[in-house]
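Shown next, in structure tokens, is the structure this report addresses.
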Amino acid sequence: MMPTHQQLIGLLARADPGFVAGDFATRFRSASGPEGETGSFRYFPGGFWEVSTDGAGRFLIAPWGMRVELESGVVEEAPGRGTPPRFPPWSLVLPRYSTFLGREHDDWQIDASRPLLEEPGALTAALTSLEDPQYKGTLTVSTETYTITSVDLGHMVQTLVIVRTEPNDDDRAALEDIKTTVKDGGS
């Protein structure tokens, strides 16, 4: 049964897919061609992340701290953030950290005046800008994981492709690396 708009917002606000690994991209449309950011990620229950951004580096995040390993070889340590950033891949894997649910500090809201579109394994909702309602977009959600798989805002497209939802040996090794490499931010 397809959820109502309000039920979808509630599902997204509570969603936590457990382990997921995949790829993400943010593309900005411009006259000179698409620009943006791409990379891969692994999310582990409990707030553990490995995010590799093409051309930038690798981010290891644990509840107690984070480690940034830049492609230049520079390594930076920082205390835990408390909440993930409000941009991909974090905001797509855990939609409660997105800016699309119509809350006080969000930029967009799901437009309940336009019907949800149901496709196999996905729901697409219309979005309206809270800052300027003339701007419209769409948000597509996986009904398997309740992750956001696509956001099209006209000037920008964000995508998330989940490659696997069960960890393999390499993933388990990556989790151990995060746990042992990320220093306690309180130390």
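Restricting the search to strands (runs of 3 or more DSSP E) fully inside segment 1-110 and requiring at least 2 residues that are among the aliphatic types (A, V, I, L, M), in contact (Cβ under 8 Å) with a residue 60 or more places away in the chain and more than 18 Å from Glu144 (Cα to Cα) gives 57-62.
If you go through segment 111-141 and pick out every residue that is within 18 Å of Thr4 (Cβ to Cβ) and either part of a strand (DSSP E or B) or basic (Lys, Arg) (or both), you end up with 15. Considered as a group, the residues in segment 138-177 that are under 21 Å from Ile61 (Cα atoms), surrounded by fewer than 18 Cβ atoms within 10 Å (Cβ to Cβ) and among the polar types (S, T, N, Q) include one that is nearest to the chain's Cα centre (by Cα), and that residue is Thr165.
Kindly indicate which of Arg29, Arg42 is surrounded by 12 or more Cβ atoms within 10 Å (Cβ to Cβ), more than 17 Å from the chain's Cα centre (by Cα) and not polar (S, T, N, Q). Show your work before the answer.
Numbers: Arg42 fails: more than 17 Å from the chain's Cα centre (by Cα).
Result: Arg29 is the single residue among Arg29, Arg42 that is surrounded by 12 or more Cβ atoms within 10 Å (Cβ to Cβ), more than 17 Å from the chain's Cα centre (by Cα) and not polar (S, T, N, Q).
Ala126 - would you say it is touching a strand residue (DSSP E or B) at 6+ places or on another chain (Cβ under 7 Å) and closer than 15 Å to Leu11 by Cα? Step through it out loud before you land on a result.
Details: touching a strand residue (DSSP E or B) at 6+ places or on another chain (Cβ under 7 Å): yes; closer than 15 Å to Leu11 by Cα: no.
No, not satisfied.
Anything in segment 147-187 that is part of a loop (DSSP other than H, G, I, E, B), farther than 17 Å from Phe87 by Cα and not basic (Lys, Arg)? List them, or say none. Spell out how you get there, then give the answer.
Within segment 147-187, the first condition is being part of a loop (DSSP other than H, G, I, E, B), and the residues that meet it are 147, 153-155, 165-168, 182-187.
Still in the running and farther than 17 Å from Phe87 by Cα: 165-168, 182-187.
Passing the criteria: Thr165, Glu166, Pro167, Asn168, Val182, Asp184, Gly185, Gly186, Ser187.
No lab work stands behind these numbers, since they all come straight from the coordinates. Just so it is clear, the structure is predicted and the values come from calculations on it, not from any experiment. Quick reminder, even Gly has a Cβ in these numbers, built from the backbone with ideal geometry, and neighbours come from all protein chains shown.
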